[in-house]
1. Against the definition (within 14 Å of chain B (Cβ to nearest Cβ) and either under 17 Å from residue A:188 (Cα atoms) or crowded, with 20+ Cβ neighbours inside 10 Å (or both)), how does residue A:358 come out, yes or no?
2. Yes or no: region B:200-208 includes at least one residue that is at the interface with another protein chain (Cβ under 9 Å from one of its Cβ atoms), within 30 Å of residue B:101 (Cβ to Cβ) and part of a helix (DSSP H, G or I).
3. Mind checking which residues of region B:154-183 are in contact (Cβ under 8 Å) with a residue 60 or more places away in the chain and under 24 Å from residue B:235 (Cα atoms)?
4. Would you point out the residue of region A:385-407, among those that are more than 10 Å from chain B (Cβ to nearest Cβ) and without any contact (Cβ under 8 Å) to a residue 60 or more places away in the chain, that is farthest from residue B:202 (Cα to Cα)?
5. Given (1) under 15 Å from the mean Cα position of the chain (by Cα); (2) away from chain A (no Cβ under 14 Å); (3) under 30 Å from residue A:63 (Cβ atoms), where does residue B:186 come up short, assuming only one miss?
6. Based on what the data block shows, is residue A:192 under 30 Å from residue A:174 (Cβ atoms) and more than 14 Å from every other protein chain (Cβ to nearest Cβ)?
7. Could you tell me whether any residue of region A:417-426 is within 14 Å of chain B (Cβ to nearest Cβ), modelled with pLDDT under 95 and crowded, with 16+ Cβ neighbours inside 10 Å?
8. Among A:258, A:224, A:295, A:269, which is the only one that is within 18 Å of residue A:133 (Cβ to Cβ), surrounded by fewer than 22 Cβ atoms within 10 Å (Cβ to Cβ) and in contact with a helix residue (DSSP H, G or I) (Cβ under 8 Å, 6 or more places away or on another chain)?
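The values are calculated or read from the model by the stated rules, or taken from the named source; none is laboratory data. Quick caveat: nothing in here was measured; it's all calculated off a predicted structure. Here Cβ is always computed from backbone atoms with ideal geometry, including for glycine, and neighbour counts include all displayed protein chains.
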């Protein structure tokens, strides 16, 4: 053994603390943070599969492929749009408090910057895909993709900068007020839901969804097994969504993911309880949406509350979903998958809950006020802008699919593919025209 | 029908008529009368519902479709681009009545392929359509008595917007309302498809899309059982 190595080994045995102090702990921490962030980003990416399965399963068979294509491609266009402009608007230097002004087309930066961009890209992809489910079965494909670019390039990142835009320099105005939204109940989920709400208003309901007397006609999804599988995958992915929002591999992840899990479970139970109390059938779709509502709700406060309050947050999210679906149908707003109640209403509730149940500041009126300001700001930014965007898209390329395409199914009309060619003998159109 | 759904049906039909008028206006100065109606039917059957950028594809296809292809396609293309953007007041009237006369053999039509459906009226699609729609409406009536009358009235109300000539309108209206049992006047495939779709939209409004799809599938099966279905796929009407 060479002399230098023998001396180092001897030093390690005789004076271990001295030798270890020379190990780069900061570098080790940075590596662990990167590994955790990259892994969490992968989990959040996997949520796209969950969304795709859930939304496809809740749609009719003749539109299954179209729903999957929307989910698949909005990740792709959203990721590029976010890299080009969204990340800079959201996390760039933010002196005004309203939007970032650099870090566009990110490159030539530190390793941690790449990890953060990767993680935040998945968040942007989550925000954009929320609209796809609500708007399913009657949206023109290219129009939807245009909207996806608008969401990830402008609508989502600008609001995000108000809450999280203090990464490099400056601070968003909501962050200055002390607004709490740990992983994005409002930033990601509510913003996505308000965009979806704008979309379904511009689109109108599916053919025959509501009768002349205002009755709602059921349009059952074609595969509830996919819905359940999608729900499970989303639940799994949420451990990355919330746990990864620490931005680092730290010991707080345990509480965050425990709260995440408990709120999801409570959300499903809250949904079941409300269906039972309302004497409604115990639907699988409402049950799964209840747990998703719990997940959305806890996203804001997972890091700031005790588990008992996480359970309460989820428990109240469940009925919010059930009643929210009822309300939208009453208003004849056709949301195919319940995206607005799950992501919008539960996102608002969860953001409020983060202020109500914050450890050490329970029911603090100042914090509650700030939370309400943030919730309102999210709606007032995202909804009108999305409405304008979709109206513009409708005027130029046309947002709504033609009636004949809706009759034939968007799988054939938009993609010339059929999801289940062996089982869709009844599919109403397979011609060449 | 909701205002939105009615607007959708009306918009789709209105848009088809406007484009047809524009294409007629664009082509009439450059094609012989015998070529003109063949070109119009080609547009109607294969390109009228496509995007505006399909003009080159239309002209390519037209070149192969006519016995004497047009001399200068660039002029035709320019003319089409120009007229498709013009306001309605500057367009010629809807040529559909003359197109139907050409289909019935009253006007000469020049095409390259022998037995071209644009040359003469083919009664088979009409028979298949009649079977499909009859069964569709009967199935609906089984589940919802009275819906057949509503459907017939609704479609009859929308017939004028589909650009039909008065004689065709009258016959169809009587058939839909059950006054007459026979359809005999020539109708192009796009028109038949439009009628099926109008019935579909109306049925969705009255009974919901799930039942509508099921009943339309029954209508399709009945049409597929016809002997004529060997020569004409009923799914072309969907």
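1. In short, no.
2. Scanning region B:200-208 turns up at least one residue that is at the interface with another protein chain (Cβ under 9 Å from one of its Cβ atoms), within 30 Å of residue B:101 (Cβ to Cβ) and part of a helix (DSSP H, G or I).
3. Selection gives B:154, B:158, B:161, B:162, B:163, B:164, B:168.
4. Within region A:385-407, the match that is farthest from residue B:202 (Cα to Cα) is A:388.
5. Status for residue B:186: all satisfied but (3).
6. Here the answer is yes, as residue A:192 does meet what is asked.
7. Yes, because at least one residue in region A:417-426 is within 14 Å of chain B (Cβ to nearest Cβ), modelled with pLDDT under 95 and crowded, with 16+ Cβ neighbours inside 10 Å.
8. A:224
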